[in-house]
There are 2 protein chains.
Amino acid sequence: MAERLISVSIVGTGLIGASIGKALCSKKDAFFVKGFDASKENAETALREGAICRIANGVRDALNADAAIIAIPVQFIPKFIKENSALFKKGSVVMDTGSTKELVVNAMKTLPQGVEFVGGHPIAGKEKSGPESASETLFEGKKFVLTKENRLSEKGKNIVLQVINTLNAVPVFMESARHDEMLAYTSHFPYFVSAALFKLVSEKESSLPELFEFAGSGLRDTTRIASGDPVMSYGMLETNKDNIMKALSEFEKVLKEFRTLLESGTLPEKLKAVKERRDEVWK
Amino acid sequence: MAERLISVSIVGTGLIGASIGKALCSKKDAFFVKGFDASKENAETALREGAICRIANGVRDALNADAAIIAIPVQFIPKFIKENSALFKKGSVVMDTGSTKELVVNAMKTLPQGVEFVGGHPIAGKEKSGPESASETLFEGKKFVLTKENRLSEKGKNIVLQVINTLNAVPVFMESARHDEMLAYTSHFPYFVSAALFKLVSEKESSLPELFEFAGSGLRDTTRIASGDPVMSYGMLETNKDNIMKALSEFEKVLKEFRTLLESGTLPEKLKAVKERRDEVWK
């Protein structure tokens with residue numbers, strides 16, 4: 001006798017949601033995937049791309065599943081969870097994919113007893129957004145953070161791990177505060193800097209109109225993440241504001257230090273140390 | 001009767017010098033290339049790689065050529081020119097490849113009458129340094145800046161343009177001050193920011209030792225140029241200090257503005273404008 005399929009609903013069929021969907025849909029003997037998106041077009045594209053098996057008939061239908069994966073921009077997740085609190089199925093497990101975890105998990109904690117939850121964040125992505133850019137291999141070998149603050153039965157935990165296993169990702173349990181602090185430095189603040197740097201350079205176009213004709217791959221790469229989806233990107237900053245502000249103050253200190261070192265001619269040692277450590281991190 | 005070969009000496013057979021040499025050596029009926037490098041190993045690698053036809057017997061031999069291309073790190077170029085001023089051949093043309101131009105051109109202006117000169121900067125490069133990474137296609141389609149401040153006869157100018165043409169690069173005449181200001185924004189200051197950002201993140205390893213395991217391609221790309229050769233990179237900053245300091249002050253203002261906008265929740269419009277302009281620049 002065939003085992004019962006696990007029904008999974010993907011709420012938000014953008015790049016991340018649709019990529020998860022594609023991977024799950026490739027295991028038709030294990031998962032049945034419903035998709036829901038505020039944009040009808042997004043949902044239809046996801047269906048056409050094979051990222052979902054069918055489009056849910058509204059939120060109520062979407063949340064009537066064994067697992068609900070909330071993959072909308074992170075700043076909208078807490079509100080979504082609170083507003084639809086009563087619609088999540090008893091015994092089901094709710095997970096998200098937002099790039100910050102503390103505010104999401106705080107909202108999850110308000111879910112009715114009997115609804116299981118865990119915060120999730122796959123450390124993967126690309127600049128191109130939308131279901132048309134989805135790829136079932138997006139998460140291969142990548143870390144998938146799960147929050148230590150969770151409400152999971154053995155059964156619920158197994159469903160979550162089975163999903164992550166199907167993505168060929170590596171589950172890592174972590175406290176949401178530690179996750180948010182870490183990601184502020186490795187992802188969210190670098191985006192902030194990248195956008196600020198591009199802003200600075202583009203401001204110079206008024207006096208140096210041919211400027212970008214003389215820009216090489218250095219500036220292009222340094223500002224690549226500034227071309228990320230601005231709604232998604234702003235969500236990382238808005239929901240991780242305290243850590244961003246802390247990182248910004250520290251960064252201003254590093255800039256001051258670099259200024260002093262450049263003035264006194266002693267910057268080279270610092271630059272050498274930076275290069276050496278970086279070359280160790282990315283060989 | 002065969003035309004006389006143009007003898008070119010490459011002083012500094014690193015990535016840039018050896019890449020120029022390789023392109024010129026591929027036209028054996030037009031150029032004869034001598035190479036000189038303070039590192040015997042670099043010169044020998046360049047010879048083995050086919051980037052030069054022979055190693056010069058010291059500086060005097062090296063500078064006895066129709067054209068001398070000075071491709072050492074930019075901070076050492078003015079001193080090299082002044083110290084060897086008497087050794088440059090009358091009627092020959094001196095060009096450099098340094099990433100800043102004003103200090104170099106000021107030194108070139110002190111060359112004896114009869115020695116021609118023009119400052120040069122090919123807008124090309126890669127992270128890997130040294131003659132073993134040299135490529136004759138490195139400059140293909142790339143701009144090659146030539147300074148408007150120059151001392152060039154028709155013959156000297158033709159030699160320079162013939163060299164650039166052989167690289168398949170595009171010559172652009174420009175004032176050195178304008179070049180240096182522009183490159184500060186498109187290249188040198190982005191390096192400064194990139195190094196400072198990596199410094200900030202790596203400082204957090206003391207409290208978050210697993211930090212880099214959670215870093216994705218965003219941080220990697222944003223800090224890629226921080227892995228450039230630190231001697232070369234520092235040279236760009238040191239010889240363009242005034243523009244770097246100006247850019248730094250302006251950047252600090254942009255960061256302050258972004259902080260205020262993030263606090264007040266009005267950052268999204270700015271981020272959207274940044275993304276839109278960047279997407280126009282790099283399609």
Please work out if A:ALA23 is of a type outside the set (Val, Ile, Thr), outside any loop (DSSP other than H, G, I, E, B), farther than 17 Å from A:ASN168 by Cα and in contact (Cβ under 8 Å) with a residue 60 or more places away in the chain. no
As an exercise: evaluate B:HIS121 against (1) in contact (Cβ under 8 Å) with a residue 60 or more places away in the chain; (2) over 18 Å from B:ARG151 (Cα atoms); (3) not β-branched (Val, Ile, Thr) and give the number of the one condition it does not meet. (2)
Options B:GLY141, B:GLY125, B:GLY130; residue that is modelled with pLDDT of 95 or more and closer than 20 Å to B:GLY17 by Cα: B:GLY141
How about segment A:123-145: which of its residues are part of a strand (DSSP E or B) and surrounded by 22 or more Cβ atoms within 10 Å (Cβ to Cβ)? A:PHE144, A:VAL145
Of the conditions (1) within 12 Å of chain A (Cβ to nearest Cβ); (2) crowded, with 16+ Cβ neighbours inside 10 Å, B:LYS157 fails just one. Which one is it? (1)
Can you pull out every residue in segment B:148-177 that is in contact with a helix residue (DSSP H, G or I) (Cβ under 9 Å, 6 or more places away or on another chain) and either in a helix (DSSP H, G or I) or under 19 Å from B:ALA65 (Cβ atoms) (or both)? B:ASN150, B:ARG151, B:LEU152, B:VAL163, B:THR166, B:LEU167, B:SER176, B:ALA177
Somewhere in segment A:178-188, is a residue part of a loop (DSSP other than H, G, I, E, B) and among the basic types (Lys, Arg)? no
Restricting to segment B:8-45, and then to whatever is of a type in the set (Asp, Glu) and farther than 15 Å from B:SER129 by Cα, can you tell me which residue is surrounded by the most Cβ atoms within 10 Å (Cβ to Cβ)? B:GLU44
Residue in segment B:193-212 that is among the hydroxyl-bearing types (Ser, Thr, Tyr) and either open to solvent by less than 10 Å² (accessible area, probe 1.4 Å) or farther than 19 Å from A:SER249 by Cβ (or both) present: yes
Does B:LYS253 qualify as being more than 7 Å from every other protein chain (Cβ to nearest Cβ), closer than 26 Å to A:ASN240 by Cα and either outside any helix (DSSP H, G or I) or not acidic (Asp, Glu) (or both)? yes
Close pairs (7 angstrom Cβ cut-off, 6 or more residues apart or separate chains): among the aromatic types (Phe, Trp, Tyr) in segment B:229-240, open to solvent by 20 Å² or more (accessible area, probe 1.4 Å) and assigned to a helix (DSSP H, G or I) anywhere: B:TYR234/A:PRO268
Within segment A:201-221, residues at the interface with another protein chain (Cβ under 8 Å from one of its Cβ atoms) and either in contact with an Asp or Glu (Cβ under 6 Å, 6 or more places away or on another chain) or in a loop (DSSP other than H, G, I, E, B) (or both) come out as A:LEU208, A:GLU210, A:LEU211, A:ALA215, A:GLY216, A:ASP221
Of the conditions (1) within 26 Å of the chain's Cα centre (by Cα); (2) open to solvent by 30 Å² or more (accessible area, probe 1.4 Å); (3) modelled with pLDDT of 95 or more; (4) not polar (S, T, N, Q), B:PHE251 satisfies every one except a single condition; which number is it? (2)
Inside segment B:222-243, the number of residues satisfying the requirement of being in contact with a Ser or Thr (Cβ under 8 Å, 6 or more places away or on another chain), at the interface with another protein chain (Cβ under 7 Å from one of its Cβ atoms) and not basic (Lys, Arg) is 4
Quick one: A:SER187 ticks every box in (1) under 30 Å from B:SER207 (Cβ atoms); (2) in contact with a Ser or Thr (Cβ under 8 Å, 6 or more places away or on another chain); (3) of a type outside the set (A, V, I, L, M, F, W, C); (4) more than 7 Å from chain B (Cβ to nearest Cβ) except a single one, so which number is it? (4)
So B:ALA71 passes all but one of these: (1) open to solvent by less than 40 Å² (accessible area, probe 1.4 Å); (2) touching a helix residue (DSSP H, G or I) at 6+ places or on another chain (Cβ under 8 Å); (3) over 27 Å from B:TYR234 (Cα atoms); (4) in contact (Cβ under 8 Å) with a residue 40 or more places away in the chain. Which condition number does it fail? (3)
Just name the residue that is least open to solvent (accessible area, probe 1.4 Å) out of those in segment A:256-283 that are assigned to a loop (DSSP other than H, G, I, E, B) and under 14 Å from B:GLY235 (Cα atoms). A:GLY265
Among the residues listed as B:PHE192, B:PHE198, the single one being within 7 Å of another protein chain (Cβ to nearest Cβ), part of a helix (DSSP H, G or I) and touching a residue at least 40 places away in the same chain (Cβ under 8 Å): B:PHE192
Within segment B:84-117, the residues that are under 15 Å from the mean Cα position of the chain (by Cα) and either more than 20 Å from B:TYR185 (Cα to Cα) or open to solvent by less than 40 Å² (accessible area, probe 1.4 Å) (or both) are B:MET95, B:ASP96, B:THR97, B:GLY98, B:SER99, B:THR100, B:LYS101, B:VAL104, B:VAL105
Looking only at segment B:101-120, how many residues end up being of a type in the set (Gly, Ala, Ser) and farther than 16 Å from B:MET174 by Cα? 2
May I ask you to list the residues in segment B:97-154 that are within 14 Å of chain A (Cβ to nearest Cβ) and aliphatic (A, V, I, L, M)? B:ILE123, B:ALA124, B:LEU138, B:VAL145, B:LEU146
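The values are calculated or read from the model by the stated rules, or taken from the named source; none is laboratory data. Computed from a predicted model, the values in this text were never measured in an experiment. For neighbour counting, all protein chains shown are included, and Cβ atoms are generated from backbone atoms with ideal geometry for every residue, glycine included. Protein only, heavy atoms only, side chains kept; ligands, DNA and RNA dropped before computing areas. Shrake-Rupley method; radii C 1.70, N 1.55, O 1.52, S 1.80 Å.
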